[in-house]
Structures are given as structure tokens and as C-alpha cells.
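The values are calculated or read from the model by the stated rules, or taken from the named source; none is laboratory data. Since we're looking at a predicted model, the values are computed, not measured. All Cβ positions, glycine included, derive from the backbone under ideal geometry; neighbour counts span all protein chains shown.
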Amino acid sequence: MNTKGGLGRGLDHLFNATKEPKIEEVKQSDIKTLLIDQLKAGIHQPRKNFSNDTLEELSTSIKNQGIIQPLLVRLVTSAGANNQYEIIAGERRFRAAKLANLTEIPVIIRDYSDAEAMTIALIENLQREDLNVIEEAEAYYSLKEVHNLSQEDLAEKLGKSRSGVANALRLLSLPLYIRESIIKSEISASHGRCLLSINDEHEQNILFQAIISKEINVRELEKIIELWKSNGSLPNYIYADDTQKKLEKTEVYKSLAIKNIESQLKDKFYKKASIRGDENKGSIKINYKNPEELKYILDILSIE
């Protein structure tokens with residue numbers, strides 16, 4: 001495989017070269033014909049899911065009109081007549097061509113390094129705007145890492161909003177099963193971002209299951225999470241269809257020692273304090289509504 005170092009064509013060039021060459025934009029001599037067996041899917045293809053229906057439609061179009069736009073490929077294995085090429089852009093056409101039983105396919109061959117091939121493949125797919133949100137986030141992450149970019153720089157080069165890139169990347173912190181559920185549209189990306197607020201894996205999983213089984217919308221989910229942050233436990237109705245063991249867990253989520261400490265804190269801070277967690281790990285929260293209450297708290301803590 002070609003692994004020449006650096007980005008010889010320049011990073012800005014790659015980010016600006018957002019569309020693969022169309023047949024009318026290249027010289028006829030640049031277009032080659034390869035056996036379909038000489039091609040393999042790109043290792044940097046961000047799209048993991050291809051709709052069978054749209055592939056069938058494209059296959060029918062290819063049968064009737066042929067492949068109008070050649071694929072963009074690079075040489076990866078040199079073996080004379082049996083050279084192997086990796087697809088940089090055009091995998092949907094490649095798959096549809098296979099369905100149409102084509103034996104040959106038009107291509108444009110370019111000498112791209114690994115980093116260049118990855119960049120072009122990811123940007124080309126990002127600009128089509130039909131990736132699911134997890135595939136989009138993974139593409140952002142790959143571009144960010146390989147080019148050592150900040151989120152702000154990446155957003156600027158892609159012409160995306162900073163918040164959009166940041167929100168997409170946050171989803172990659174979710175467990176795999178939740179990311180897969182977003183891909184399947186069982187829950188939304190907004191549900192996923194809310195679940196990131198639950199740092200207890202067990203509680204996060206219970207709430208995730210409840211979102212699906214109880215069809216909890218995002219607004220309701222935000223309220224549930226606020227209660228969890230305040231009380232250290234999910235509302236009982238979230239467990240309503242679960243086992244008695246889980247119900248008991250919600251009712252006794254604090255040990256006697258923690259309850260005793262919390263009671264003393266409430267007495268000292270006029271019921272403004274609460275504890276989340278146990279003797280080993282947790283947090284203490286002290287609320288105040290105005291500057292006077294804040295000053296009172298600070299006085300007790302001997303803080304000026």
C-alpha cells in the first residue's frame with residue numbers, strides 16, 4: 001500500500017477538493033476501465049450502512065445508462081494485469097454495478113497517500129449529508145485526529161458550525177449499544193446527548209431501555225435527568241415495568257450513614273444541601289437562591 005508521508009498536495013487543498021472529478025471535468029485519457037474484480041472497498045469509507053432499496057434503484061439506472069461518473073481509486077497492490085485498487089469515492093456505484101452484473105467499471109486513478117485517501121473519502125461522504133449521525137461523528141473524529149486539528153479548526157475547514165461538530169463528537173462517548181440504537185433510529189441523537197449526563201452505567205442503561213419501552217420524548221427525558229441529578233436516583237415510574245429488585249434499589253439508594261450526614265447538612269444549610277453517591281464516591285450539592293444565602297453558606301465554610 002502507498003504510505004508516503006505527509007500531505008503533499010496540502011491540507012487546505014484536500015479540504016477544498018470536496019467533490020470527486022466528474023467525467024466532463026477530466027480528460028478522456030484520465031478515465032480508465034478496470035475489471036470489477038480489481039476493485040475493493042475503501043478502508044476509510046465512513047458509511048457502514050447501504051440501503052438495499054437505493055442500491056437496487058441505482059443498479060437499474062446503471063443497467064439502462066451505464067456508470068456516468070467514474071469512480072476515484074488508487075493502486076494498492078501492484079501485480080501487473082492483476083493490479084488491485086482501493087475505492088476512494090464511489091462505493092455505492094461499485095456495489096450497484098455488482099448487482100447489475102457488470103464486469104468492468106470506469107475509474108480515475110490517483111496517487112494518494114493513506115492520509116489523503118482517507119481525507120477525500122470522508123469529506124466526499126460528509127458533503128453528501130446522508131450519513132447517519134454516528135457515521136458523521138466518526139468521520140469528524142478521524143479527520144480531527146489524522147490532521148491534529150481542534151474542533152474549531154475542523155468546523156471551519158468543513159464549513160460546519162462549531163456546535164454541530166462538538167455535539168456530533170460527544171455522541172462517540174456513548175456505549176456501543178446506545179450508538180447502534182441511534183443508527184437504527186430507535187432513539188434520536190438528542191436522546192443520546194441527554195444520556196451522556198448519566199455517569200452511572202447501570203442507571204444509564206435502565207433509562208435507555210425506558211426511553212424505548214415507554215416512548216419518552218426528549219423534553220421528558222431532560223426533566224428525568226434533572227431529577228436524577230438532584231436526588232441521585234431515577235423516578236420510580238421508570239422502573240415500573242421492571243423487576244422488584246430494581247424498584248427496591250431506587251427506594252434505598254442511600255445508606256443510613258449517608259442519610260444521617262445529609263440530614264445534618266440540611267439542618268446546617270436550611271435544607272439546601274443534598275448528597276449523591278455513597279461513602280466511597282459521590283458529590284455534595286448546596287443550593288442558594290440569592291446573594292444572602294450564598295454569603296450564609298460561605299460564612300459557615302469560612303470562605304470570604
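Listed here are the residues, each with its yes/no results for (1) in contact with a helix residue (DSSP H, G or I) (Cβ under 6 Å, 6 or more places away or on another chain); (2) assigned to a loop (DSSP other than H, G, I, E, B); (3) in contact (Cβ under 8 Å) with a residue 24 or more places away in the chain.
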{"residue": "Ser181", "(1), (2), (3)": "no, no, yes"}
{"residue": "Ser190", "(1), (2), (3)": "yes, no, yes"}
{"residue": "Cys194", "(1), (2), (3)": "yes, no, yes"}
{"residue": "Ile198", "(1), (2), (3)": "yes, yes, yes"}
{"residue": "Glu203", "(1), (2), (3)": "no, no, yes"}
{"residue": "Ile211", "(1), (2), (3)": "yes, no, yes"}
{"residue": "Glu215", "(1), (2), (3)": "no, yes, no"}
State whether one or more residues within region 188-199 are under 24 Å from Ala41 (Cα atoms) and in contact with an Asp or Glu (Cβ under 8 Å, 6 or more places away or on another chain).
no
Please go through region 168-178 and give me each residue that is surrounded by fewer than 20 Cβ atoms within 10 Å (Cβ to Cβ) and in a helix (DSSP H, G or I), ordered by number.
Leu169, Arg170, Leu172, Ser173, Leu176, Tyr177
For the structure I just gave you, tell me whether Leu256 is modelled with pLDDT under 90, of a type in the set (A, V, I, L, M, F, W, C) and farther than 30 Å from Ile134 by Cβ.
yes
Lone qualifier among Tyr141, Tyr112 - being of a type in the set (Ser, Thr, Tyr), touching a residue at least 24 places away in the same chain (Cβ under 8 Å) and in the same structural domain as Gln69 (by TED's automatic domain parsing):
Tyr112
Please enumerate the residues belonging to region 285-301 that are assigned to a strand (DSSP E or B) and of a type in the set (D, E, K, R).
Lys285
Looking at region 74-82, can you tell me whether even one residue there is modelled with pLDDT of 80 or more, touching a Lys or Arg at 6+ places or on another chain (Cβ under 8 Å) and of a type in the set (Lys, Arg)?
yes
Restricting to region 179-202, name every residue that is surrounded by 19 or more Cβ atoms within 10 Å (Cβ to Cβ) and of a type in the set (Asp, Glu).
none
When region 52-86 is examined, which residues are found to be hydroxyl-bearing (Ser, Thr, Tyr) and in contact with a strand residue (DSSP E or B) (Cβ under 9 Å, 6 or more places away or on another chain)?
Thr77, Ser78, Tyr85
Taking Thr119 as meeting all but one of (1) at pLDDT 90 or above; (2) of a type in the set (Ser, Thr, Tyr); (3) buried (at least 23 other Cβ atoms within 10 Å of the Cβ), write down the number of the exception.
(1)
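Every residue, every condition in (1) charged (D, E, K, R); (2) outside any loop (DSSP other than H, G, I, E, B); (3) surrounded by fewer than 18 Cβ atoms within 10 Å (Cβ to Cβ); (4) modelled with pLDDT under 85, yes or no:
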position: Ala97; (1), (2), (3), (4): no, yes, no, no
position: Asn101; (1), (2), (3), (4): no, no, yes, no
position: Asn125; (1), (2), (3), (4): no, yes, no, yes
position: Asp130; (1), (2), (3), (4): yes, no, yes, yes
position: Asp153; (1), (2), (3), (4): yes, yes, yes, no
